[in-house]
Amino acid sequence: MSAAVSFVIPVLNEQAHIAALLRALRQQYPHSELVVVDGGSEDGTAAAARLLCDQLLSGDRGRARQMNLGAQAAARPYLCFLHADSFPSVSAAALDALLAEQPPWGFCRVRLSGTQAIFRVIEWFMNQRSRLTSVATGDQMLFVQRALFVRIGGFADVPLMEDIACCKQLRRLAPPRVIAEPVETSSRRWEQGGVLRTVLRMWLLRLAYFLGVAPDRLWRHYYGR
């Protein structure tokens, strides 16, 4: 099942997560293609992924660049871009049925791994925002027809907001298909950075981007690079 899908997974120092993800994907979607793109990990990420994926690529660091490289190498009609700490819950049969209708693009709802009540609130707002705006973040498993992805030129070569920019391009061409079954994604960035601080940072980043601040400038300001 899911023979139409290539999962493209950009990684950087994800030794703790990548093997478990690849094993789970192989079991859940046994006929899908698994493409891992390493951006120069300094741990055992590449070694952990090598025997568990169909293609292991090495490229320049940067999620957009890594995903574009993976998309170029992928062979299936649909590309599913997935983070190393996220896992989709939609069944192979349901995914096949959906893709048989040939939707141009879409994404999943999100569920955070944290058990605290605050994470239910955060994910509710994330899902409402993506539903109303037709814009998803990278941890919602953006999927797109490979031919359409090539048509729009792939992800913009920017250090962040590449997922938002891509969705804005795609929604001009067709409305997204939203998969009801969520992707469970790690809540580690909220847990490590503090829930309130992380939420405020993300809102400020989005607001600045909406107001026209360049992604390169946002990256340098918020991440000190």
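In summary, the helical segments of the chain meeting the span-like criteria, namely a full DSSP H run, a Cα extent along the axis of 24 angstrom or more and a mean Kyte-Doolittle hydropathy of at least -0.5, are 117-133. Taking a Cβ cut-off of under 11 Å around residue 65, the surrounding Lys, Arg, Asp and Glu residues balance to a net charge of -1, with basic ones at +1 and acidic ones at -1. Just checking the listed ones, 144, 158, 135: in the Gaussian network model of the chain with Cα springs under 10 Å, the one fluctuating most is 158. Placing +1 on each Lys and Arg Cβ and -1 on each Asp and Glu Cβ, with no other charges, gives the stretch 5-189 a dipole about its Cα centre of roughly 540 debye. Remark: 132, 56 ranked as 132, 56, counting other beta-carbon atoms within 10 Å and listing the fewest first. Summary value for the chain: 22 percent relative contact order, contacts being C-alpha pairs under 8 angstrom separated by 6+ residues. The GluC sites (Glu not before Pro) of the stretch 91-194 meeting both criteria, a DSSP state outside H, G, I, E and B (loop) and at most 16 other C-beta atoms within 10 angstrom of the site's C-beta, are 101. As a rough footprinting exposure proxy, the listed residues 105, 124 were ranked by other beta carbons within 10 Å of their own, and the order from fewest upward is 124, 105. Charge tally around residue 54: other residues with Cβ under 15 Å, Lys/Arg +1 each, Asp/Glu -1 each, net +2.
All of the numbers you see were taken from the coordinates with simple rules; none came from a lab. This structure is a prediction, so every number in the text was calculated from the model and none was measured. Glycine gets a Cβ as well: all are built from the backbone with ideal geometry, and neighbour counts include every protein chain shown.
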